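*Asks:* Quick one: the structure is below, and I'll ask about it shortly.
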Amino acid sequence: MVDLRTEIAGVRLRNPTMLASGFLDETGGSLVRVYRAGAGAVVTKSIGPEPREGYSNPTIVELDAGLLNAVGLPNPGIAAFEAELLEALAAKAVVIGSVYGKDAAEYAKVAGRMAEAGAAAIEMNLSCPHAKGLGTEIAQSEDAVQEFTRAVKDAVDVPVFPKLSPNVADIASFALAAERGGADGIVAINTVKAMAIAPELRMPILANRFGGLSGPAIRPIGVRAVYDIYEKVDIPVIGVGGIDSGHAALEYVMAGASAVQIGTALVDQGLAVFERATKEMASLLEDIGFHSVAEAVGAAHG
Amino acid sequence: MARMQVVPLLEIVTESHHTMTYRFRADFGGTAGQFVMVWIPGQDELPMALSYLGPVKGITVHAYGDATRALQSFRPGDRVGVRGPYGNTFKLEGEKVLAVAGGTGMASIIAAVEAFAQQGAAVTTAVGARTAEELLFVDRASASGEVHVSTDDGTRGFHGFVPSLAERLLEKHKFDQVLTCGPEKMMKLVVDAAMKRGLKVQASLERFMKCGIGICDACAFDDRLVCVDGPVFTGAQLAASKDFGAYRRTKDGRRVEL
Ligand SMILES: Cc1cc2nc3c(=O)[nH]c(=O)nc-3n(C[C@H](O)[C@H](O)[C@H](O)COP(=O)(O)OP(=O)(O)OC[C@H]3O[C@@H](n4cnc5c(N)ncnc54)[C@H](O)[C@@H]3O)c2cc1C
Ligand SMILES: Cc1cc2nc3c(=O)[nH]c(=O)nc-3n(C[C@H](O)[C@H](O)[C@H](O)COP(=O)(O)O)c2cc1C
Ligand code: FES
């Protein structure tokens, strides 16, 4: 029997799969449903200080390789979101609260309320590639990553996981900056900046023109990012990007991830993806002679 | 994944001063009750029921806000993007069917009326609108069975709201299945009237949608999603619902009273 339980900075998970931020996680009902379907934890939609409608449609383009999105951080704001979070917690779900803001103080404020309401950890969305003033600039500056992480650390007692953007030359240096800011773990990666055009109309499809690519196409980018980060930092890494099977999850684990997040695979596989990927991880680990997920973390490093 | 297809509009039919049908060819299927996401370039992308199935599909659009008003200026040959079909479908079970439609709700129900008739069911349709000019697809429904009409202002047929007309039909005749689509408060009355009599009922709901494919959580309805678990819900599901007839979600995800 392979032991699938895992622990990240003290957050205990029944298995290493989590719901990625932005998927079925803006309402209590959906968070509960995903947790019941077998996710080890569920990460909320990124929540900010005030309600936000996001961009107008089209916000999603379905591609053969995955999804392109520019939803623009729609969310009800932390005050209204508290009721949704409490509904999920009442059903005993392990919930990680994802937060954003326009400056360090806003991040800290939202994170504080999220933690107070009962989130098991805080994920900092430092990396949304398409919301003006809410990510791109932060994701491009190591100093900002360090400063924002420090502000959130000072505001909460639960673990803090900054989520990094792959749209930089050297993602590992940003992980180091987050570690200097006191991060308890790193989440990598967010979506990769991209665009789709309708030739018939001579125009980009997304209302925001560009957006973020997710799904199988970005998995090799994510695996490489996790591999690099694992070499540089001493805190755990959570891998995300194109994971759609136990096999794909183990690529991330062996690159150095202690847990993985799944998003886009939900489109084709539905909620069953969590149980399927978990079972596949167990049987694959058994086949190749591992007794636990923990033992496999970073196994691909020489 | 369902790829967006950018297609020319083949035919545009004016149904009333504010409602038009747009026909286009797309190489995907589609069954009664399903919807497509329609990109009105430069404007918005909106969910629209398929009012015509088959190779030359159709959507019937009420010019409501900026995007749907802009669509009214489109001419044959102009292009829109379509992706889908999405959502579940009306189950074609029942021998004696009552379809109750309010306003543009008829766009989603007409394909089901025709599909039921094609498989030999007796279909009665109650079509409601604010005024005679706005009644939709009365001819198509007549070709599939009996039709009763109501208008809020009494300009044609029963003078009053369509749930009252439905109530009368349910009193007089025996049905084994009720379908409904229209404003949610209207559907609530129809669903209650059918449930009270122990009849099976299917209602097609509307919620704000972004993705249409079950990932963004915009269309959350209780712990379900209108885009993939619906848009058609059964009486049993609706009876157990906290949201039906009571709450919707705003574009930013806040829960508000209907
Ligand atoms: C499954 C489904 C099928 C539909 N079928 C039809 C149809 O056959 N014919 C038809 O005329 N309309 C249909 N609608 C409604 C349609 O999608 C739009 O809500 C409506 O056309 C208003 O659009 P607008 O941009 O002109 O109005 P706006 O002025 O932008 O908005 C007015 C109101 O429309 C609603 N709305 C706007 N955008 C969306 C959106 N992306 N998703 C859902 N609601 C929205 C909101 O409640 C908003 O307050 C359907 C909706 C759904 C969910
Ligand atoms: C529609 C959509 C919405 C997203 N919203 C968020 C968000 O609010 N916060 C965030 O940190 N990441 C968000 N992401 C990024 C995902 O969490 C994830 O990093 C990315 O999709 C890669 O994983 P995947 O390939 O498994 O989807 C979003 C992605 C998509 C497709
Ligand atoms: S519209 Fe996105 S989940 Fe239904």
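*Asks:* For the stretch B:46-121, which GluC sites (Glu not before Pro) pass both filters: DSSP loop (anything but H, G, I, E, B) and at most 15 other C-beta atoms within 10 Å? Kindly include the intermediate steps, with their values, before the conclusion.
*Replies:* Working: sites: B:Glu93, B:Glu95, B:Glu114; in loops: B:Glu93, B:Glu95.
Filter output for the stretch B:46-121: B:Glu93, B:Glu95.
*Asks:* Moving to a separate point now. Probe radius 1.4 Å, ligands and nucleic acids ignored: give me the carbon and sulfur share of the accessible area of chain B as a rounded percent.
*Replies:* 50 percent
*Asks:* Have a look at the stretch B:217-244 and report residues whose accessible surface goes down by 40 Å² or more when the remaining protein chains are included, against the chain on its own, probe 1.4 Å, ligands and DNA/RNA excluded.
*Replies:* Residues of the stretch B:217-244 that lose at least 40 Å² of accessible area once the other chains are added: B:Asp217, B:Asp223.
*Asks:* Here's a follow-up. Where only protein heavy atoms count, and the probe is 1.4 Å, what is the accessible area per residue for chain A in Å²? Display every interim value, and only then the final one.
*Replies:* Working: 10840 Å² over 302 residues.
With the other protein chains kept in place, chain A gives 36 Å² per residue.
*Asks:* Let me ask something else. Determine the share of chain A's accessible area contributed by carbon and sulfur atoms, expressed in whole percent, with a 1.4 angstrom probe.
*Replies:* Reported share for carbon and sulfur atoms: 51 percent.
*Asks:* Starting from the Cα of A:Ser283, step 7 Å toward the Cβ, then list every residue of the stretch A:246-260 with an amide N under 15 Å from that point.
*Replies:* In the stretch A:246-260, the label zone of A:Ser283 (backbone N under 15 Å from the point 7 Å along Cα→Cβ) covers A:246-248.
*Asks:* As a test of the formula, what do you get for chain A when each DSSP H run with n ≥ 4 contributes -39,500 (n - 2.57) and the sum is divided by the residue count, at 222 nm and rounded to the nearest 500 deg cm²/dmol?
*Replies:* Working: 11 runs with 114 residues, N = 302.
Helices in chain A give a 222 nm mean residue ellipticity of -11000 deg cm²/dmol.
*Asks:* Let me have the relative contact order for the stretch A:222-262, percent, based on Cα pairs under 8 Å that are six or more residues apart.
*Replies:* Once divided by the residue count of the stretch A:222-262, the mean separation gives 47 percent.
*Asks:* Past the 30 Å Cα-Cα mark, which pairs from B:Lys196/B:Lys242; B:Lys91/B:Lys185; B:Lys57/B:Lys172; B:Lys200/B:Lys242?
*Replies:* B:Lys57/B:Lys172
*Asks:* Excluding residues fewer than 8 places away in the same chain, name every one of the aspartates and glutamates whose C-alpha is closer than 18 Å to that of B:Lys174.
*Replies:* Cα-Cα hits under 18 Å: B:Glu93, B:Glu95, B:Glu146, B:Asp192.
*Asks:* For B:Ala99, enumerate residues with amide H under 5 Å from its amide H, sequence gap 5+ or separate chain, H modeled in the peptide plane.
*Replies:* B:Thr124, B:Thr125, B:Ala126, B:Leu179
*Asks:* Considering the dipole of the protein assembly as shown built from charges on the beta carbon (Lys and Arg +1, Asp and Glu -1) around the Cα centre, which of A:Ala196, B:Tyr64, A:Thr278 is farthest to its positive end?
*Replies:* About the Cα centre, the residue reaching furthest to the positive side is B:Tyr64.
*Asks:* Now, a different point. Rounded to whole Hz and in sequence order, give me ³J(HN,Hα) for the stretch A:63-69 from the Karplus expression 6.51 cos²θ - 1.76 cosθ + 1.60, θ = phi - 60°, writing x for Gly and Pro.
*Replies:* Running phi through 6.51 cos²θ - 1.76 cosθ + 1.60 with θ = phi - 60° gives 10, 4, 7, x, 10, 10, 9 Hz.
*Asks:* If you don't mind, another one. Straight-line reach only, C-alpha to C-alpha below 27 angstrom: list the lysines that A:Lys153 could link to, leaving out same-chain residues fewer than 8 apart.
*Replies:* Within the straight-line cut-off, A:Lys153 pairs with A:Lys45, A:Lys92, A:Lys102, A:Lys109, A:Lys132, A:Lys163, A:Lys232.
*Asks:* Just checking the output field for A:195-208: average partner chain Cβ neighbours within 10 Å of each residue's Cβ?
*Replies:* What the average comes to for A:195-208 is 3.
*Asks:* How high is the FRET efficiency from A:Asp268 to B:Ala236, r the C-beta distance, R0 22 Å, rounded to 0.05?
*Replies:* My answer for the efficiency is 0.15.
*Asks:* Moving on to the next point. What residues qualify as long-range amide H neighbours of A:Ile186, i.e. H under 5 Å apart, gap of 5 or more or another chain, H built at 1.01 Å from N?
*Replies:* A:Val237, A:Ile238
*Asks:* Roughly how many whole Å is it from the C-alpha centroid of the stretch B:104-157 to that of the stretch B:194-230?
*Replies:* That distance is 22 Å.
*Asks:* Over the stretch B:48-179, what is the mean sequence separation of C-alpha contacts under 8 Å (at least six apart), divided by residue count, expressed as relative contact order in percent?
*Replies:* Reported relative contact order: 23 percent.
*Asks:* Further question on the same structure: Between chains A and B, what is the buried accessible area in Å², counting both sides, with a 1.4 Å probe and ligands, DNA and RNA left out, to the nearest 100?
*Replies:* Summed over both sides, the interface buries about 3100 Å².
*Asks:* According to the Kirkwood expression over distinct Cα-Cα pairs, how big is the hydrodynamic radius of the stretch B:89-151, in Å?
*Replies:* With all distinct Cα pairs of the stretch B:89-151 included, I get 11.4 Å.
*Asks:* For A:Leu63, list long-range residues whose amide hydrogen, built 1.01 Å from N in the peptide plane, is under 5 Å from its own amide hydrogen.
*Replies:* A:Leu68
*Asks:* List for the stretch B:29-47: residues with 10 Å² or greater reduction in accessible area, all protein chains versus chain alone, probe 1.4 Å?
*Replies:* Listed by number, the residues meeting the 10 Å² cut-off are B:Trp39, B:Pro41, B:Gly42, B:Gln43, B:Asp44, B:Glu45.
*Asks:* Probe of 1.4 angstrom, ligands and nucleic acids ignored: what's the accessible area per residue over chain B, in square angstrom?
*Replies:* On a per-residue basis, 41 Å².
*Asks:* A further question follows. Hey, what do the phi angles of the stretch B:151-168 turn into as Karplus ³J(HN,Hα) couplings, whole Hz, using 6.51/-1.76/1.60 and θ = phi - 60°, x for Gly and Pro?
*Replies:* 10, 4, 9, x, 5, 7, x, 4, 8, x, 7, 5, x, 5, 4, 4, 4, 4
The values are calculated or read from the model by the stated rules, or taken from the named source; none is laboratory data. All values derive from a computational prediction rather than experimental measurement. Methodologically, a virtual Cβ is constructed for each residue, glycine included, from the backbone with ideal geometry; neighbour enumeration extends over all protein chains shown. We work out accessible area using only protein heavy atoms, side chains counted, and drop any ligands, DNA or RNA first. Shrake-Rupley method; radii C 1.70, N 1.55, O 1.52, S 1.80 Å.
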